[in-house]
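The values are calculated or read from the model by the stated rules, or taken from the named source; none is laboratory data. Computed from a prediction, not measured in an experiment: that's the story for all the values here. Quick reminder, even Gly has a Cβ in these numbers, built from the backbone with ideal geometry, and neighbours come from all protein chains shown.
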Amino acid sequence: MADYNYGGTEEENAELKKLHAEVAEDPDNFDAWEKLVRAAEGLEGGINRNSNPQAITTVRSVYDRFLAKFPLLFGYWKKYADLEFSIAGTEAAEMVYERGVASISTSVDLWTNYCSFKLETSHDPDIIRELFERGASSVGLDFLAHPFWDKYIEFEERLEAYDKIFGILGRVVHIPMHQYARYFERYRQLAQTRPVNELAPPEILAQFRAEIEAASAHMAPGAKAEAEIERDLRLRIDNYHLEIFSRTQTETTKRWTYESEIKRPYFHVTELDEGQLANWRKYLDFEEAEGSYARIQFLYERCLVTCAHYDEFWLRYARWMSAQPGKEEEVRNIYQRASCFYVPIANPTTRLHYAYFEEMCDRVDVAKEIHNAILITLPGHIETIVSLANLSRRHGGLEAAIEVYKSQLDSPQCDLATKAALVAEWARLLWKIKGSPEDARQVFQKNQQYYLDSRPFWSSYLEFELLQPTSAATENVQYQRIRQVIDDIRTKSTLPADVVKELVQTYMVYLLERGTKDAAKEYMTLDREVHGPASVQAATKSREADKGPQNGGQPAPSHVDPTVAAAQGNPYAYYQQPVNGGIPSHPARYQ
């Protein structure tokens, strides 16, 4: 990169190299991206068709990468289209606009700008009208769609196509929107000059005409001229239009509360406050209760421009869509958009749900690839590893799940804390799936020396023993096992004091609920030693230190990192060695 020329002066090239490095170091830094875009636009004093080809290539590359990262920024799509128009003309600008409306199809501003551009650069009214109709299907239901509808009406006015204008207004008067009354007034005025057959649907006209003729049936034949019938018909139609206005007004009023609370209807990288998120939830609840599929879907699409980084709304949208019959591809599209473009990989919940969806659709290989893709970016992510192991077990059996854990425990990208949790999950599999608590117990016992400071490991080990069923014959044995875990936590582990206290407290509850007649004595002893004043705790520790090494006179094993122990042999022998009939050791639950 040091010798790369961006097409500008030496000073401009140096600045661009610096900004490129900042973006490469932190791709999520929106401010750095904005500075890079401005610097690229400013090459040679401003890019145009006469600029250095290298400078043109540079600014295009910057815009392409920027909008691939932030595709919902409608204003930058317009700026890019204007730039392409100045460089390469109409066709190049249209290609940018097409990419823009594909990326943010619900943007009233972008569609209005695109249609305005087409209006000024094309002389084919049919092509222009086709684009306006595409825009109407994308943004026509927006509460603030009036700039778009105004531009559409302006286009038809240039052509003096009053029949088309009346048709547009006839659609708009049914839509709850901010300026509904203005459109209705014009619609009502134009209705006075339009033929009767354009003023209402054929079935409504036929009904009104039949009622008028029935009302005049008692009069002499021919007593009521056609002109009088038309006059009465227009009066009825005007009342019909007023009913439409009243319904639209009611629907607009219902939505006004939610719309007035939307402070940021566009996308930005900064977070939304809780009030804004709550308003979107309430608005979606309202629209779903209203029951119009088109309006519900459109509101979700609007919401997911503003809330693109919130997996909550993507998951809600997918769940709602999956409840609609025959919408499998639509659901897949929602998950793909969320996973591939919008929700940060640091929040993998949406991607995991995408994997479950594909598994449901019998695309198990795709589900596994989604898990693997998460782990490429988030190596050692416990929830994803456990999910992949469970997926493998569901479709390949217990051994397949164990292989997932083995491969992750072998991975240098997993830290010790992660491995501790995975060992616990492995033991949990052996206990819950294989049905062998003894195998699971051996996993915990053989591995505790490696995870002396791991809360997930010790919590899972204690929970495992506490959850084992007992009978009169096994009660004492199980008590000894649980007590041994507590003794190891207190004397061998290197857990923080507050964690030790919490785990001991769990054991104390066990003593009272399930202990024998001597439980109260042990409970009170622990209560004094763990919860007593510092002087009492210090005396207890001193007495324990005087007892000497544990484990039959042998020193308690220190915390051994498997990576350090490699020089002494195989550091992962604890999970590679068969346990009870050839099943390798395996893990329990992380907190």
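Here are some notes:
- Residue under evaluation ALA545, criteria (1) modelled with pLDDT of 90 or more; (2) part of a helix (DSSP H, G or I), criterion not met: (1)
- Here LEU466 passes the criteria (1) closer than 21 Å to LEU416 by Cα; (2) modelled with pLDDT of 90 or more except the one numbered (1).
- Any hit, segment 169-192, residues being basic (Lys, Arg) and over 46 Å from the mean Cα position of the chain (by Cα): no
- Near pairs, Cβ below 6 angstrom, 6+ apart or cross-chain, from segment 160-185 (over 24 Å from GLU287 (Cα atoms)) to any residue that is part of a loop (DSSP other than H, G, I, E, B): PHE166/ARG194
- If you go through segment 301-344 and pick out every residue that is assigned to a loop (DSSP other than H, G, I, E, B) and in contact (Cβ under 8 Å) with a residue 60 or more places away in the chain, you end up with 2.
- Single unsatisfied condition, PHE66 versus (1) within 30 Å of PHE298 (Cβ to Cβ); (2) buried (at least 21 other Cβ atoms within 10 Å of the Cβ): (2)
- When segment 243-277 is filtered for residues that are more than 20 Å from GLU301 (Cβ to Cβ) and either outside any helix (DSSP H, G or I) or under 21 Å from the mean Cα position of the chain (by Cα) (or both), the ones remaining, listed by number, are THR270, GLU271, ASP273, GLU274, GLY275.
- Some residue of segment 382-392 being part of a helix (DSSP H, G or I), free of Cβ contacts under 8 Å to residues at least 24 places away in the same chain and either touching a Gly at 6+ places or on another chain (Cβ under 7 Å) or under 22 Å from PRO344 (Cβ atoms) (or both): yes
- Single residue of ALA400, ALA427 found to be assigned to a helix (DSSP H, G or I) and touching a Pro at 6+ places or on another chain (Cβ under 9 Å): ALA427
- Scanning segment 260-295 for residues that are modelled with pLDDT of 95 or more and in contact with a Leu (Cβ under 8 Å, 6 or more places away or on another chain), we see that the one that is surrounded by the fewest Cβ atoms within 10 Å (Cβ to Cβ) is ALA294.
- Those helices (runs of 4 or more DSSP H) lying entirely in segment 436-535 with at least 3 residues touching a residue at least 24 places away in the same chain (Cβ under 8 Å), crowded, with 18+ Cβ neighbours inside 10 Å and touching a Ser or Thr at 6+ places or on another chain (Cβ under 8 Å): 437-447
- Of everything listed in (1) surrounded by 14 or more Cβ atoms within 10 Å (Cβ to Cβ); (2) closer than 26 Å to ASP163 by Cβ; (3) at pLDDT below 90, the single unmet condition for LYS224 is (2).
- Scanning segment 410-435 for residues that are surrounded by 24 or more Cβ atoms within 10 Å (Cβ to Cβ) and more than 22 Å from GLY397 (Cβ to Cβ) returns LYS419, ALA420, ALA421.
- Of all residues in segment 334-377, those satisfying the criterion of being buried (at least 20 other Cβ atoms within 10 Å of the Cβ) and small (Gly, Ala, Ser) are ALA338, SER339, ALA355, ALA367.
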